[in-house]
Amino acid sequence: MHQVPTLALDGGNLLFKEERLSPGLLQQAKITAEGIVDSYSFMGYDAIAVGGRDLTGGLSFLQAQAERSEFTWLSANLVRKKTMQPIFLPSLVRRAGSLTVGIIGLTGEGGALHFPGGDDALLLNWRRVLPDLVADLANRCDLLVLLSNYTPDENREIARVTPEIHLIIQSSPQSKNQDPELANNTLILQTGKQGKYLGWMLINWQKSKKWGREDTTRELAFKKQELDGINGRIRRIERRESREDLLNLRSYQNLLASRENLLSEIIFLENERHVLIESGQAPATFENHFIALKENLPEQPEVRKIVDSAKSRVNVAGSSQAGSSATASPPPELQPETLVFTGWLTCALCHGPQTAFWKETGHSSAYQTLVSEEQQFNLDCLPCHVTAQYKETLISSNDVLLLSLPPHLQQVGCEVCHGTGKKHAASQNRSDISRKPDEAVCRRCHTPERDENFNYENDILRIACPASGSGQ
Ligand code: HEC
Ligand code: HEC
Ligand code: HEC
Ligand code: HEC
């Protein structure tokens with residue numbers, strides 16, 4: 001692609017997955033968040049809006065990140081309670097080629113005040129801050145961009161009452177990739193969460209400051225394509241026929257005439273477009289793309305390094321969390337005897353063939369997978385790679401427990417699919433155990449994010465334990 005002036009922007013909500021995390025998970029998630037900040041700095045981001053999920057680690061944590069960031073965190077509506085002054089920069093003006101671009105950040109209201117340090121802060125509704133800010137920037141800027149993690153509905157309302165904003169890049173936590181939607185004279189768009197996609201937009205801005213379909217340009221492109229086709233056909237005939245024959249060849253002469261016509265139409269359209277642009281009436285146009293960040297794309301070695309280092313620091317932190325919880329003896333409800341899950345060794349006593357089969361599946365070595373990745377203390381990974389949850393029965397929300405599971409629960413074990421089995425192991429009664437796990441059981445771990453192609457009907461055949469043959 002040819003070089004064009006670029007701005008790298010993000011609507012926020014990128015540091016944490018949730019607005020509330022357990023203490024152990026939060027400690028690890030902060031390390032990941034630092035890695036994200038370093039990656040975005042390396043990638044040369046310009047500005048990012050402060051999202052509710054960027055404040056999970058607390059106000060002072062995000063301020064410390066802002067200090068380290070080589071990009072600017074923006075929020076026009078997160079203010080100090082005492083002074084009513086914004087805590088982060090409200091807006092930023094950047095040059096992009098010959099354009100002056102104003103960038104505003106807004107923090108959405110979804111629970112964003114429940115963060116450590118939030119007592120000092122106040123989140124104002126956009127209606128209180130946006131009009132003045134826009135009035136000031138609209139005078140100085142050619143193009144006005146809003147980075148917002150408000151809901152899509154709220155962003156449409158912003159677009160409706162603030163036509164001076166030309167582009168809203170939103171990052172509502174629920175949404176997926178969203179093609180640009182024109183609301184009034186504002187384009188609203190979003191790239192899905194979790195860094196699976198990168199959105200890029202090529203903007204051909206015009207003095208009119210109005211988005212529109214540029215019919216002349218499209219017609220021109222179409223005519224030029226047609227011209228290419230005719231030129232090709234003319235060349236083929238010229239290669240085939242002698243010079244004298246060409247003179248008498250009706251189809252050839254017709255092609256030459258069509259080419260003449262097309263050329264004069266193209267010149268006419270080129271002129272028309274030139275006049276539109278010069279007079280400032282041409283509409284602005286854009287192209288939008290989502291690039292899927294597939295595993296097979298080439299690595300950026302510097303970013304790889306940042307990611308690996310963050311992952312390794314998370315594991316080290318988890319390891320010392322596990323160490324300190326082992327020495328400080330766990331409270332009674334966390335004693336192994338009182339654990340709701342009994343573990344695969346018990347089931348193996350009576351279910352030889354099923355156990356032998358399960359041992360061949362990836363489920364039995366899921367924790368080992370984390371060990372070989374050196375991520376076995378990462379609280380973000382553990383719940384799906386061990387025996388810690390069946391439907392509503394879970395120990396996966398307990399950091400201490402999760403980090404100190406006994407070895408016979410360090411697999412995706414029998415009870416993850418068949419339910420807790422202590423009672424059944426004693427009674428040997430089939431009514432005390434569940435036979436076939438339903439789709440929701442699998443989907444808890446085989447999420448779209450982790451296993452895009454999961455298909456219950458097919459995949460269950462690959463892991464369904466065999467019958468015992470003759471007798472039990
Ligand atoms: C002491 C022996 C014993 C232990 C231990 C045991 N089971 Fe069973 N299990 C049985 C017997 C016997 C049956 C067959 C009951 C019947 O047919 O009525 C059975 C049946 C089952 C079934 C089939 C249920 C059905 O509806 O067909 C499943 C699934 C199962 N067990 C899972 C487990 C799991 C998981 C564990 C470990 C948590 C476990 N069992 C531990 C003896 C045991
Ligand atoms: C507690 C989380 C969890 C649950 C519940 C779960 N899986 Fe898995 N599954 C995993 C993990 C983790 C792996 C990858 C294991 C590895 O290779 O380290 C996996 C791997 C698989 C594989 C790949 C084949 C293989 O042998 O590795 C299949 C197929 C599969 N699961 C199907 C299912 C189905 C069907 C269900 C529901 C009946 C299910 N899983 C429930 C976590 C889970
Ligand atoms: C929401 C549940 C979930 C979480 C959280 C999770 N995983 Fe997994 N993981 C899975 C499932 C399901 C599979 C199997 C996917 C498949 O079969 O395609 C898997 C597969 C893997 C595999 C590939 C195993 C193989 O050899 O094929 C690796 C490596 C892995 N996970 C590492 C991790 C790490 C590291 C983390 C934490 C940073 C993590 N996982 C967090 C569910 C999860
Ligand atoms: C990923 C999910 C999963 C895991 C883990 C799993 N099973 Fe199963 N199991 C199944 C499915 C699916 C079936 C088949 C149910 C059906 O189709 O009726 C099954 C069937 C069974 C049956 C009944 C077999 C029969 O036809 O009589 C037993 C017993 C059993 N499993 C025991 C175990 C034991 C013991 C373990 C652990 C060592 C285990 N399962 C681990 C999914 C799982």
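Every number here is computed from the coordinates shown, using simple stated rules; none is lab data. Being a predicted model, the structure only gives us computed values, none of them experimental. Here the Cβ is made from the backbone with ideal geometry for all residues, glycine too, and neighbour counts use every protein chain on show.
Data for the structure
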| quantity | calculated |
| --- | --- |
| Equivalent-ellipsoid semi-axes of segment 217-270, from the Cα gyration tensor, Å, largest first | 25, 11, 6 |
| For a label point 7 Å along the Cα-to-beta-carbon line of residue 43, residues of segment 173-212 with backbone N under 11 Å | 194-200 |
| Trypsin sites (Lys or Arg not before Pro) within segment 1-104: DSSP coil, no more than 13 neighbouring Cβ in 10 Å | 20, 81, 82 |
| Only Lys, Arg (+1) and Asp, Glu (-1) charged, at Cβ; segment 303-463 dipole about Cα centre in debye | 180 debye |
| Two-site FRET efficiency, residue 432 against residue 455, from Cβ-Cβ distance with R₀ of 35 Å, rounded to 0.05 | 0.70 |
| Where trypsin sites (Lys or Arg not before Pro) fall in DSSP loop in segment 365-472, at most 14 other Cβ within 10 Å | 391, 435, 450 |
| Nearest 10 degrees, 0 to 90: helix 23-42 Cα axis against the chain principal axis | 20 degrees |
| Segment residue 98-residue 263, length gained on full extension (0.36 nm per residue, minus Cα span) | 56.2 nm |
| In segment 397-472, GluC sites (Glu not before Pro) in a DSSP loop with at most 16 other beta-carbon atoms within 10 Å | 449, 452 |
| For the chain: rounded, prolate or oblate by the Cα gyration tensor [a/c cutoff 1.5] | oblate |
| Cα-based shape type of segment 89-198, given that a ≥ b ≥ c are square roots of the gyration tensor eigenvalues and the cut on a/c is 1.5 | oblate |
| Exposure proxy order (Cβ contacts within 10 Å, fewest to most) of 395, 48, 463 | 463, 395, 48 |
| Leading residue at positive end of dipole, the chain (Cβ point charges), from 251, 6, 61 | 251 |
| Simple label model, 7 Å out from Cα along Cβ direction - residue 140 to residue 348, nm | 6.9 nm |
| Degrees separating the helix 126-140 axis from the principal Cα axis of the chain, which is the longest one | 30 degrees |
| Computed [θ] at 222 nm, helices only, for the chain once each DSSP H run of length n ≥ 4 contributes -39500 (n - 2.57) | -13000 deg cm²/dmol |
| Simple label model, 7 Å out from Cα along Cβ direction - residue 444 to residue 113, nm | 3.5 nm |
| Global geometry of segment 303-463, whether rounded, prolate or oblate, following the gyration tensor of its Cα atoms and the 1.5 cut on a/c | oblate |
| Between 0 and 90°, nearest 10: helix 250-278 axis offset from the chain longest Cα axis | 80 degrees |
| Residue-span extension gain [residue 369 to residue 247] - 0.36 nm each, minus C-alpha spacing | 36.4 nm |
